[in-house]
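Read through the structure below, which is laid out as structure tokens, and then see the notes.
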Amino acid sequence: MTDTNETLSMAMKAQAARDLPRSIVIPPIAGEMVHLRPATVDDLPRLDELDAFYGASKITGKDPATERAVVHTWVRRSQAWEAGQAPAESGVGDPESRRTIAWAVLTDADHDDDGKVDAAKTDNVIGMIFLIDIDGWSRSARIQIVLGRDYRGRGYSRDAMPRVMTYGFAPEPAGLGMHRIWVGVPEKNSRSISVYQSLGFVPSGTSRDALWDAENDKYQDLIVMDTLVDEYDPIRSLDAFGMHLIEDNPGVKEALSAREHSIAIQVNQERTGASDGSGADQVEYTQPGTAGESENHEDAAKEKRAGDDKQDGKHGTTRRSLEEESNWPYGQGERKPSKEAWWRTLGRGRKRETEGE
């Protein structure tokens, strides 16, 4: 009986460790082009003013009425979690106890140089971004952004999404502690597929004929794309587009720490592979937060940065070699200085009949 009780106790502790908190404080998130705050039901009419559900069948594969109803439910679920309501109590719960976080996307931009904020009529709101289907047991969440018709194709998604993903992947209590973030994209929405690929998502599966393409009167595939916590590098995903990391944002300090640790592991692997077998050149690294970790992995990270394009003697470790081995789509030579970033002038004078981001 004692063994049975101990087993049950261990199982209950394991379950509790993977349960999502009963309530959550949704943090504001700053970007360079936009900033995010928790969305409320008062923001929902603004989406109609922004014509945010225009072209929904192209962007998500849903008809506009369905997309609108889903977004309204997501916002109410998000507010219910903030209020500490259980899914069954909120009236908009999920039988699998998955949760949702909704942010309003705001901008202070004046792309047409008329001296007025572009979105002044909607109190600076240009859309919403969501983490949905947040599953504590599987540590998985889906991300989706909805932008007003006139605010698509300007690069706002590329500013907001990596910052939300950084929060999603950051360990608790700084973030949600997710292991996987994924998206579902209609095959004809090539613009969104390109954006997600640039953020580090990779295709992981295809649901054949899962969506109806009303414009062409035929079915289309749904492309599933995802990225994992140990694959995602928020620093490089922002840097690749000339945007900066904002260190006060939630989860960023943890991301920086994890990145330094990852660099140290790479350096150690390079050295181990190039050593003469005596073991004299090998350096031991411990997991972040454990004794002895800081000095070892920080020294290795500094050595890697200082090496840049210089060979490290007999080990042959270079910054460039580590860049080339990375599975990220953008190398050092493809990065643009912030002042030359493509998105700073993208919104000016462009035709706005786009499929969305």
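Listed values, structure above:
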| item | result |
| --- | --- |
| Members of segment 173-183 that are farther than 12 Å from I145 by Cα and either buried (at least 23 other Cβ atoms within 10 Å of the Cβ) or touching a residue at least 24 places away in the same chain (Cβ under 8 Å) (or both) | A174, G175, L176, G177, M178, H179, R180, I181, W182 |
| Residue within segment 49-60 that is part of a helix (DSSP H, G or I), over 30 Å from I235 (Cα atoms), of a type in the set (A, V, I, L, M) and modelled with pLDDT of 95 or more present | no |
| Flag if R98 is more than 22 Å from A255 (Cβ to Cβ), in contact with an Asp or Glu (Cβ under 6 Å, 6 or more places away or on another chain) and among the charged types (D, E, K, R) | yes |
| Residues (within 29 Å of R22 (Cβ to Cβ), in contact with a helix residue (DSSP H, G or I) (Cβ under 7 Å, 6 or more places away or on another chain) and either surrounded by fewer than 24 Cβ atoms within 10 Å (Cβ to Cβ) or modelled with pLDDT under 95 (or both)) located in segment 144-156 | I145 |
| Qualifying position, being of a type in the set (K, R), in contact with a Pro (Cβ under 6 Å, 6 or more places away or on another chain) and in contact (Cβ under 8 Å) with a residue 40 or more places away in the chain, among R139, R37 | R37 |
| Residue that is nearest to T166 (Cα to Cα), among those in segment 239-265 that are modelled with pLDDT of 75 or more and of a type in the set (S, T, N, Q) | N249 |
| Members of segment 20-42 found to be farther than 30 Å from W137 by Cβ and not β-branched (V, I, T), listed by number | A30, G31, E32, M33, H35, D42 |
| Filtered residues of segment 217-249 (kept if surrounded by fewer than 15 Cβ atoms within 10 Å (Cβ to Cβ), within 25 Å of P186 (Cβ to Cβ) and touching a residue at least 24 places away in the same chain (Cβ under 8 Å)) | E231 |
| Residues that are of a type outside the set (A, V, I, L, M, F, W, C), closer than 16 Å to A160 by Cβ and assigned to a helix (DSSP H, G or I), drawn from segment 215-238 | P234, S237 |
| Qualifying residues in segment 154-205 (those that are of a type in the set (S, T, N, Q) and not in a helix (DSSP H, G or I)) - the one nearest to L228 (Cα to Cα) | S204 |
| Options A83, A120, A102, A109: the member that is closer than 26 Å to A210 by Cβ, small (G, A, S) and either over 22 Å from the mean Cα position of the chain (by Cα) or crowded, with 19+ Cβ neighbours inside 10 Å (or both) | A102 |
| Counted residues, segment 77-93 - those being part of a helix (DSSP H, G or I) and more than 14 Å from I24 (Cα to Cα) | 3 |
| Test result for L199, at negative phi and modelled with pLDDT of 95 or more | no |
| Residues located in segment 149-197, provided they are of a type in the set (V, I, T) and under 20 Å from R37 (Cα atoms) | V164, T166 |
| Only one of P186, P203 that is surrounded by fewer than 17 Cβ atoms within 10 Å (Cβ to Cβ) and touching a residue at least 12 places away in the same chain (Cβ under 8 Å) | P203 |
| Test: D159 is surrounded by fewer than 19 Cβ atoms within 10 Å (Cβ to Cβ) and either free of Cβ contacts under 8 Å to residues at least 24 places away in the same chain or not basic (K, R) (or both) | no |
| Index of the failed condition, R139 passing every other in (1) modelled with pLDDT under 95; (2) at positive phi | (1) |
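The values are calculated or read from the model by the stated rules, or taken from the named source; none is laboratory data. What you are looking at is a predicted structure, and each value in this text was computed from that prediction instead of being measured. When we count neighbours, we look across all protein chains shown, and the Cβ atoms used for this are built from the backbone with ideal geometry, even at glycine.
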